[in-house]
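Down below is the structure, laid out as structure tokens.
The values are calculated or read from the model by the stated rules, or taken from the named source; none is laboratory data. Quick caveat: nothing in here was measured; it's all calculated off a predicted structure. Please note: Cβ atoms are built from the backbone with ideal geometry, for glycine as well, and neighbour counts cover all protein chains shown.
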Amino acid sequence: MPKPHPTLLTLETLPHNGWQWFLRALRLGTTFEGRATRQEYGWFIFWMVLLVAGAWFVPFVGHGASVVLGLCLAVPLLAVTTRRLQDAIPTTRPLVIKVYVLCLFTLGMEGFIYCYPNADVHVTAAILVIVVVCWAAYFLSILYYLLCPSQPDPNPYGPNPYAALELESGGAENPAASTGAAQNEGQNESPSSGVQEPAQAPLQAPTVEPQPRDAQQELASLALLQQYAALHAQGVLTDAEFERKKAELLQGN
């Protein structure tokens, strides 16, 4: 089986708290491909701000330590921001084009002010206000995309980060149930001939005494149930999906 992309979440790599989400973003600090969830981005921003602000108050080396820590987290911040945008919108090409247009517009306005230093002060102020408003609108749109939920379907940057979780938590069908369904289909089929067979009395299933479950199987089921509970607590699984997974697990045991 091919190894999943590192940005995909699995039952083994799914973080269970904010610090684990931060460490996951650090491990993917140089990965600009793939997609990142809102939880990964939000917890990275939270811990980055907390650590950089806390380092500022360290005695003797506070200011320097804060600056160095901020520079070290700059590349992981850029990587997780890129993957978050790639997860929220179908393509980031319009954002790149807008940056180029805004840069050219800003340079053009600065060139106008430089070439006409004696221009009316109101014209200069209006130009500066327009430039600031354009950049503010651009960054507000970026903030909006960062807060958008993940796209459920695959996009050019990869599948949904929870796609591997859906495959792993899908579970196998109960063989007893599938066998019973096949038997019912065979009984419901009517013969092609015109001879009508006599009705048979319904067969009673033999009573089977319950056997004690193997300890290893019980521990594995308990661990899987705890993982489902963690997914339900994080909002990945809805109440109905969690109850269905729990019922399937108990029925299979």
Within the stretch 1-24, residues being at pLDDT 90 or above, over 12 Å from the mean Cα position of the chain (by Cα) and of a type in the set (A, V, I, L, M, F, W, C) number 3
Those residues of the stretch 86-138 which are part of a helix (DSSP H, G or I), touching a residue at least 12 places away in the same chain (Cβ under 8 Å) and not hydrophobic (A, V, I, L, M, F, W, C) amount to Gln86, Asp87, Lys98, Thr106, Tyr138
Among Thr92, Thr82, Thr124, the single one that is at pLDDT 90 or above and either touching a Gly at 6+ places or on another chain (Cβ under 6 Å) or not aliphatic (A, V, I, L, M) (or both) is Thr82
Does Leu9 fit the bill of being part of a helix (DSSP H, G or I), farther than 26 Å from Tyr138 by Cβ and not aromatic (Phe, Trp, Tyr)? no
Can you confirm whether Thr82 is touching a residue at least 40 places away in the same chain (Cβ under 8 Å) and outside any helix (DSSP H, G or I)?
no
Pairs returned, first residue in the stretch 51-69 that is in the same structural domain as Phe22 (by TED's automatic domain parsing) and part of a loop (DSSP other than H, G, I, E, B), second residue that is modelled with pLDDT of 85 or more and not β-branched (Val, Ile, Thr), beta-carbon separation under 9 angstrom, 6 or more apart or interchain, are Trp56/Ala65; Trp56/Ser66; Phe57/Ser66; Val58/Ala65; Val58/Ser66; Val61/Ala55
Filtering the stretch 230-245 down to residues that are assigned to a helix (DSSP H, G or I), of a type in the set (A, V, I, L, M, F, W, C) and in contact with a Ser or Thr (Cβ under 9 Å, 6 or more places away or on another chain) yields Leu231
